[in-house]
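Asker: I have a structure here, written as structure tokens, and I will follow up with some questions on it.
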Amino acid sequence: MRKFDDYTEIFGNWCNFSDRFDELKIYSKELEKIVNFEAENYRINRETFELGTDEFERQFHFVNDTFIKNLRTSVIVSLVTIIENEFHNFCNMLKLIKNLKIKHNSFKGTILEQFKIYITDVYSLRFDLNANDWQLLNEIVELRNCIVHHDSNLEDWYGRKFAKAETIKNLSKKIPDIGIENDLNNITLNNGSCEECIKIVESFFNSLYKHTLNLFSKNEN
């Protein structure tokens, strides 16, 4: 027996998503402040520490942006983890609401492909993906794939090329803070890159949940 009505089920899922998403936003924003503050302190003071000491290592990695680079890539990886998990949750929610027999993972492909099939062909949600940053969302996922599987290189030292390199280049044109070093074919996540990606994902899911809520009447009780 179902505990909640459909409207409450959808709204509750939206709230859960928002909570998880807010955690990522705070993590990204606050840690970037801390890392930048420490790096700037070292640049201003310019103290010389003995080679091989912990303080030398600390200064070296702050000043040479090791920490900020790793922070930004971790944010993109975490962001796509949220995207994929939320698509699973959303499809499972639709299955529960309409008592559907077909599961989204019955279809071949990535979770994004499964989600698209499920909301258009199985559920007929009538949510316009193209009007809601669907392509950008896919490009952000490919950015994560390049970070994880190709160490942020569109082509590495040995000539191994990332299959979706053009997708990353398209994304970098839309989000200028995502740079590509021409000589190295290496992706650089500059200041503002994570924030822009986060905004795109948040806007997409907010639009998706608003659209879905409008299909159901609110139970005043």
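The values are calculated or read from the model by the stated rules, or taken from the named source; none is laboratory data. On a predicted model such as this, the values are computed, not experimentally measured, just so you know. When we count neighbours, we look across all protein chains shown, and the Cβ atoms used for this are built from the backbone with ideal geometry, even at glycine. Heads up: the accessible areas ignore ligands, DNA and RNA and are worked out on the full protein's heavy atoms, side chains in. Shrake-Rupley method; radii C 1.70, N 1.55, O 1.52, S 1.80 Å.
Asker: How many residues does the range 45-56 hold that are on the phi < 0 side of the Ramachandran plot and open to solvent by 80 Å² or more (accessible area, probe 1.4 Å)?
Answerer: Number of matching residues: 6.
Asker: Right, here's the next one. Please find, among 60, 67, 17, the residue that is at pLDDT 90 or above, under 30 Å from residue 97 (Cβ atoms) and part of a helix (DSSP H, G or I).
Answerer: Matching residue, one of 60, 67, 17: 17.
Asker: Among the residues in the range 161-172, are any basic (Lys, Arg) and in a loop (DSSP other than H, G, I, E, B)?
Answerer: Yes: one or more hits.
Asker: Further question: What is the one condition in (1) without any contact (Cβ under 8 Å) to a residue 40 or more places away in the chain; (2) out of contact with any helix residue (DSSP H, G or I) (no Cβ under 6 Å at 6 or more places or on another chain); (3) open to solvent by 40 Å² or more (accessible area, probe 1.4 Å) that residue 11 does not satisfy?
Answerer: Only one criterion is unmet by residue 11, namely (1).
Asker: So, one more: Condition first: more than 25 Å from residue 103 (Cα to Cα) and among the hydrophobic types (A, V, I, L, M, F, W, C). Now tell me which residues in the range 120-151 satisfy that.
Answerer: If the condition is that a residue be more than 25 Å from residue 103 (Cα to Cα) and among the hydrophobic types (A, V, I, L, M, F, W, C), then 131, 136, 140, 143, 146, 147, 148 are the ones that fit.
Asker: Only residues that are open to solvent by 100 Å² or more (accessible area, probe 1.4 Å), modelled with pLDDT of 90 or more and either on the phi < 0 side of the Ramachandran plot or not in a loop (DSSP other than H, G, I, E, B) (or both): list them for the range 148-159, please.
Answerer: 149
Asker: Turning to a different aspect of this structure: Please tell me if residue 145 is of a type outside the set (A, V, I, L, M, F, W, C) and open to solvent by 40 Å² or more (accessible area, probe 1.4 Å).
Answerer: no
Asker: Looking at the range 123-152, which of its residues are over 15 Å from residue 83 (Cα atoms), among the aliphatic types (A, V, I, L, M) and free of Cβ contacts under 8 Å to residues at least 24 places away in the same chain?
Answerer: 131
Asker: Sticking with this structure for a sec: Select from the range 90-130 the residues that are farther than 20 Å from residue 13 by Cβ and open to solvent by 70 Å² or more (accessible area, probe 1.4 Å) and list them in ascending order.
Answerer: 101, 106, 108, 110, 113, 121, 128, 130
Asker: Examine the range 75-86 for a residue that is open to solvent by 60 Å² or more (accessible area, probe 1.4 Å), touching a helix residue (DSSP H, G or I) at 6+ places or on another chain (Cβ under 7 Å), in a helix (DSSP H, G or I) and not β-branched (Val, Ile, Thr), and state whether such a residue exists.
Answerer: The answer is no; no qualifying residue exists.
Asker: Same structure, new question: Tell me which residues, restricted to the range 87-125, are among the aromatic types (Phe, Trp, Tyr), farther than 23 Å from residue 213 by Cβ and part of a helix (DSSP H, G or I).
Answerer: At the first step, the residues of the range 87-125 found to be among the aromatic types (Phe, Trp, Tyr) are 87, 90, 107, 115, 118, 123.
Those left that are additionally farther than 23 Å from residue 213 by Cβ: 107.
Result: no residue meets the conditions.
Asker: What's the number of the condition residue 134 fails, among (1) aromatic (Phe, Trp, Tyr); (2) open to solvent by 60 Å² or more (accessible area, probe 1.4 Å); (3) at pLDDT 95 or above?
Answerer: Unmet for residue 134, out of (1) aromatic (Phe, Trp, Tyr); (2) open to solvent by 60 Å² or more (accessible area, probe 1.4 Å); (3) at pLDDT 95 or above: (2).
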